[in-house]
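Participant: Before we start, here is the structure in question, set down as structure tokens.
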Amino acid sequence: MSKRKPAPPVAKKAASRPWLPHVLVLALLSILVYANSLSNGFVGDDKDQLLQNPVVTGHQMVSAFGSGVWAFRGFHGNYYRPLQFLVYIALHSLVGFQPFVFHLFSVLLHALTTILVYFLGLRLTDRPRAAMAAAALFAVHPIHTEVVDWIASLPDLMITAIVVGAVSWFAARQGMARGRQIAGHCALYLAALCSKETGIMLLPLYLAYEWIGLRRPLREVRKNAALYSGMAATLGIYVAARYFALGGLAPGQQTFHHLTAAEFLLSMAVTAVHYLGKLVLPLNLNYFHIFRPTTGVTAEVLISAITWTLLGALVFWRRTPASVAYGLAWIGLTLAPALNLTGVGQNVFAERYLYLPSVGLAVIAGIGWDWWSLRQSAPAWAVGLVLLGAGAWETIVRNPDWRDDYTLLRLTLEQSPEAGILHNNLAGVYVDRNDFDNALNEERLAVKFEPNSAPFHRNLGLLLMARDPRAAAGEFEQVLRLQPSDAQARSLLEEARRTAGIH
């Protein structure tokens, strides 16, 4: 009787999800660096947009689509972001106003976006280590603290998740879309637009991926005509809804800063290079950067022109790796809307505007680190871990800055002591604490640094009414000088004069 031959060893089945360990590590990293933000409260615009907003408290979903962000305050600005308020309404209907839940939502959305950056990196580079390095940098980059820690920055979180996910899906299909996929891309485009105005750049990002990322000639790009036509139609629907809700495409243009054409272009150049510098070297982070217009050709203007010219040349230089060129194009395209200096708020340079552009930097850095590590493994790993550790530490240390209004305003005023709006806001915090002496001091500083602000003169007058009605009358006179038709100021002036015995 012959012996039975032993059965050949069964080959182990290859892991069907080789990316799963990477995803779990990235999710954990993203959550850990922001874990200490979960005890923060509502700060700044959170209190207006959430606690005092009838659209949220009354769960007015129709009003979320039919009005601008600040319409409930009677201000017609340029911000139309209905998805932001739909999310607020959903969270409020579930848990009420619990800061922990709102902060947890932001942290989890940041973790999701980090994972999407990983998959985008895989699509662009086909190198898991490069994708992992890119996503890890995105997870801990300190420039993101404002976005994740400040609930009012939810639009930046949402649009980045949508745009990164959409481009990753587009790249997974090698830049082609057919049938139902076109409808899906149009839906994502509408969601991006309804999250934040920067969403308009999703269509150019698709075009750039085909032309720059895949090196397709224009005749090949035309094969996606159905997709781009659908997205253009989606943009038309958004523009119509925006016009109806705001009463114009951008009714708040030049509300805070009035610049000539030359000042606008020069200031835009300087601001652009400042953004790039802060993205690469996120030091001295600040909630409120004071804006000073550039009125002439300065060294910063020349540096900006040279820098962006060189970066543009790299994008179109055929020897630049396609994924690197696309990363550079990503930074430029997604940063462009933030350079509408007279269309954004008083805080022209805002770190939250770098959340979406940082994806491009992360991809480029991941590619560079992967290239280095293949040649000099030990130094590359050492430098990479040090940079990730430093970024994580800076993020963790900064998170408590957003604990409450008092903490945030005091710390910010140490960096921007001439910001009148911050002194005005801190005065309000002191009033809530019944500390009227400090409130008066802060409001005087607000008027000193922004003497043409009628609301600041009004607030100072109200604080002076009980102590020095004659001085209060002078402040109300300033309000009327700035706003002659202000009936309330006229009434307050008459009251102050009567109290002071002025006839």
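The values are calculated or read from the model by the stated rules, or taken from the named source; none is laboratory data. Since we're looking at a predicted model, the values are computed, not measured. Reconstructed Cβ throughout: ideal geometry from the backbone, glycine too, with neighbour counts over all protein chains shown. We work out accessible area using only protein heavy atoms, side chains counted, and drop any ligands, DNA or RNA first. Shrake-Rupley method; radii C 1.70, N 1.55, O 1.52, S 1.80 Å.
Participant: Kindly express, to the nearest 10 degrees and within the range 0 to 90, the angle between helix 299-316's C-alpha long axis and the longest C-alpha principal axis of the chain.
Facilitator: For 299-316 against the chain, the angle is about 30 degrees.
Participant: Would you compute, for the Cα atoms of the stretch 372-503, the largest minus smallest coordinate along each principal axis and list the three values in descending order, in whole Å?
Facilitator: Extents along the principal axes: 85, 29, 19 Å.
Participant: While we're looking at this one, here's another question. Given R₀ = 60 Å, FRET efficiency for Ala35-Arg498 by Cβ-Cβ distance, to 0.05?
Facilitator: So the FRET efficiency works out to roughly 0.60.
Participant: Still on this model: For the peptides 217-223, 100-106, what is the packing order when you average, over each peptide's residues, the other Cβ atoms within 10 Å and list the highest mean first? Before the final figure, lay out each step's value.
Facilitator: Details: 217-223: 11.4, 100-106: 18.6.
Going from most to least packed, we get 100-106, 217-223.
Participant: Measuring from label point to label point, each 7 Å out along Cα→Cβ, what is the Thr309 to His274 span in nm?
Facilitator: With each label point 7 Å from Cα toward Cβ, the separation is 2.3 nm.
Participant: Rounded to the nearest 500, what is the chain's calculated 222 nm mean residue ellipticity when only DSSP H runs of at least 4 contribute -39500 (n - 2.57) each, over all residues?
Facilitator: The helix contribution divided over the chain gives -20500 deg cm²/dmol.
Participant: Further question: Calculate, in nm to one decimal, what Asn452 and Asp404 gain on full extension: separation in residues at 0.36 nm each, minus their alpha carbon distance.
Facilitator: Net length gain for the segment: 14.4 nm.
Participant: Okay, moving on. Taking a spot 7 Å from the Cα of Val397 along the direction of its beta carbon, which residues of the stretch 278-298 have an amide N less than 16 Å from it?
Facilitator: Correct set: 281-287.
Participant: Right, next: How big is the Rg/Rh ratio for the stretch 24-159, C-alpha atoms only, Rh by Kirkwood, two decimals?
Facilitator: That ratio is 1.04, to two decimals.
Participant: Return the equivalent ellipsoid semi-axes of the stretch 346-426 as a descending list in whole Å, where each equals the square root of 5 times an eigenvalue of the C-alpha gyration tensor.
Facilitator: Three semi-axes, in Å: 36, 15, 9.
Participant: What are the ³J(HN,Hα) values, in whole Hz, obtained from phi via the Karplus relation 6.51 cos²θ - 1.76 cosθ + 1.60 with θ = phi - 60°, for each residue of the stretch 328-340 in sequence order, with x given for Gly and Pro?
Facilitator: Result, ordered by residue: 5, 4, 4, 4, x, 5, 7, 7, 3, x, 6, 8, 7 Hz.
Participant: Asp437 to Leu265: extension gain in nm, 0.36 nm per residue of separation minus the Cα-Cα distance?
Facilitator: Gain on stretching Asp437 to Leu265: 57.6 nm.
Participant: Oh, and also: Using a 1.4 Å probe on the protein chains only, how many percent of the accessible area of the chain belongs to carbon and sulfur?
Facilitator: 63
Participant: Could you order the peptides 441-453, 124-136, 173-185 from most to least packed, using the average number of other C-beta atoms within 10 Å per residue?
Facilitator: My ranking of the peptides, most packed first, is 124-136, 441-453, 173-185.
Participant: Can I get the semi-axes of the stretch 141-235's equivalent ellipsoid? Compute them from the C-alpha gyration tensor as square roots of 5 times the eigenvalues, in angstrom, largest first.
Facilitator: 26, 15, 10
Participant: Right, another one. Measuring from a point 7 Å past the Cα of Leu374 along Cα-to-C-beta, which residues in the stretch 303-345 have an amide N at less than 17 Å?
Facilitator: 319-325
Participant: Report the relative contact order of the chain, percent, no decimals, based on alpha-carbon pairs under 8 angstrom and at least 6 residues apart.
Facilitator: Reported relative contact order: 17 percent.
Participant: Using r as the Cβ-Cβ distance of Ala471 and Leu108, and R0 as 60 Å, what FRET efficiency do you calculate, to the nearest 0.05?
Facilitator: 0.75
Participant: Distance in nm between label sites at Asp48 and Arg219, each 7 Å beyond Cα in the beta-carbon direction?
Facilitator: Each label point is offset 7 Å from its Cα along the Cβ direction, giving 5.5 nm.
Participant: Using the heavy atoms of the protein chains and a 1.4 angstrom probe, tell me the accessible area per residue for the stretch 321-410 in square angstrom.
Facilitator: 37
Participant: Right, here's the next one. Using only Cα atoms, locate the centre of the stretch 437-486 and the centre of the stretch 314-363, then give the distance between them in Å, rounded to an integer.
Facilitator: Cα centroid of the stretch 437-486 versus Cα centroid of the stretch 314-363: 41 Å apart.
Participant: Could you list the square roots of 5 times each eigenvalue of the Cα gyration tensor of the stretch 400-447, that is, the equivalent ellipsoid semi-axes, sorted largest first and rounded to whole Å?
Facilitator: 16, 14, 6
Participant: Let me ask you something else. Sort 308-320, 486-498, 36-48 by packing, meaning the average of other beta carbons within 10 Å per residue, with the highest value first.
Facilitator: Descending packing order for the listed peptides: 36-48, 486-498, 308-320.
Participant: Between Glu300 and Phe65, 0.36 nm times their residue separation minus their Cα-Cα distance comes to what?
Facilitator: 80.5 nm
Participant: Using 1/(1 + (r/R0)^6) with R0 = 35 angstrom and r between the beta carbons of Phe316 and Ser229, what's the FRET efficiency to the nearest 0.05? Show your work: numbers first, answer last.
Facilitator: Working: r = 26 Å, r/R0 = 0.75.
Here the calculated transfer efficiency is 0.85.
Participant: Roughly how many whole Å is it from the C-alpha centroid of the stretch 18-49 to that of the stretch 154-214?
Facilitator: Cα centroid of the stretch 18-49 versus Cα centroid of the stretch 154-214: 24 Å apart.
Participant: Compute the helix-to-body angle for 99-125: its Cα long axis versus the longest principal axis of the chain, expressed 0 to 90° and rounded to tens.
Facilitator: Helix 99-125 and the main axis of the chain meet at about 40 degrees.
Participant: So how strong a dipole does the chain carry about its Cα centre when Lys and Arg Cβ are +1 and Asp and Glu Cβ are -1, to the nearest 20 debye?
Facilitator: 3060
Participant: Can you give the angle from 0 to 90° between the axis of helix 154-172 and the longest principal axis of the chain, with both taken from C-alpha atoms, to the nearest 10?
Facilitator: 20
Participant: Leaving out ligands and nucleic acids, note down the accessible area per residue over the stretch 246-310 with a 1.4 angstrom probe, in whole Å².
Facilitator: 55
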